[in-house]
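Peer 1: Structure below; questions to follow.
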Amino acid sequence: MRMDVQELSWTSMWTAWLIHTKIRKMFSKEIDHRQTNCLQFIVPYAHLHMKILVAFDFDHTIIDENSDLYVRKLAPGGTIPSEISQLYSNRGWTEYMGAIFQYLHDNNTTSKDIHDCMLEIPLVQGMKELFDFMNSDQFDVIIISDSNSVFIDDILSASDLSDIVQSVYTNPARFSQADCLELVYYHTQDWCELSTVNLCKGHILDSHIKLQAEQGVVYDVVAYVGDGTNDLCPALRLKSKTDLILPRIGYSLMEKLEDPHLDIRGTIIPWTTGQDIIMALKQSMSAADDKPHPDTTLS
């Protein structure tokens, strides 16, 4: 991560304040004013620089297809046998996809065929510009997806987005020695009815924020960008009106968020292109800049 003295976070200011307080307690009223002056020099440079977490779904959010459905075109005639289709469940389709990958392998589909297939999928309009905009220390970017690590890694690498994404949370996948794509659950959960058995996106989002806080990173704004039904859980985890729920227009998340019984605390901003999301982030940053900053001088 890039860092300079002008871009220290609130956490840095808090740490400086604690140091200052400890010194005052050690020396009571006899504190050496040279130490106080030193701290007064440091703290103003702990510039109040916003830290924003932007969490993305992948399919129909970053890319303009569902990668799991798109790969089925490699099947003979582009058709999946009914006995495999019957494995599909809206509570999770890892077994279903595993059976598809085995079927593709049995019909001589190679890892190169699958890689090439993924590279055909376009990004959503304006998504490359959005990621370029977020390519700074001010943003942390993560992906939480029910796709798999092979598909996501292929597309991020081909699109030159890998270095901008801090973490990817998805179902682990790899090609076996026989060249068959295999995948496993990200985790197994039974606590969230809004999520699939293998992936609770809200739990993952909360865990990421908690882990970052333990490392001294506290977010001023959390934005969640998604499109589908399984994006409702993380959208409902946002805690403040300053947080942004960004549902793609024309997809099921937008419809789900219209339920008046939901406890929605974030601000909903629908989007169509990456440029819409850039505008939403800029507005959020501008609103924060307009707020008066507290006095950073310690007495």
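Rule-based calculations on the coordinates, nothing more; no lab input. Here the structure is a predicted model, which means the values were calculated and not measured. Glycine also receives a Cβ, built like all others from the backbone with ideal geometry; neighbour counts cover every protein chain displayed.
Peer 1: Past 29 Å, Cα to Cα: identify those pairs from K51/K112; K73/K210; K73/K239; K128/K241, in the order given.
Peer 2: As for pairs spanning more than 29 Å Cα to Cα, those are K51/K112; K73/K210; K73/K239.
Peer 1: Expressed in nm to one decimal, what extension gain is obtained for the pair Q215 and H187 from 0.36 nm per residue of sequence separation less their Cα-Cα distance?
Peer 2: Full extension of this stretch gives 7.7 nm more.
Peer 1: So if I place +1 on the C-beta of Lys and Arg and -1 on the C-beta of Asp and Glu, and nothing else carries charge, what would the dipole magnitude of segment 114-199 be about its Cα centre? I want it in debye, nearest 20.
Peer 2: 120
Peer 1: Going by how many other beta carbons lie within 10 Å of each one, how would you line up I63, I144, fewest first?
Peer 2: I63, I144
Peer 1: For N108 and S207, calculate 0.36 nm times their separation in residues minus their Cα-Cα distance, and state this gained length in nm to one decimal.
Peer 2: 31.6 nm
Peer 1: Here is a further query. Quick one: which residues, 5+ away or cross-chain, put their amide H under 5 Å from the amide H of T267? H built at 1.01 Å from N.
Peer 2: Those lying under 5 Å, H to H, from T267 are D243, L244, I245.
Peer 1: Please turn the phi angles of segment 178-186 into ³J(HN,Hα) values with the Karplus equation 6.51 cos²θ - 1.76 cosθ + 1.60 (θ = phi - 60°), one per residue in order, whole Hz, x for glycine and proline.
Peer 2: Each residue's phi maps through the Karplus curve to give 7, 6, 9, 6, 10, 9, 10, 4, 5 Hz.
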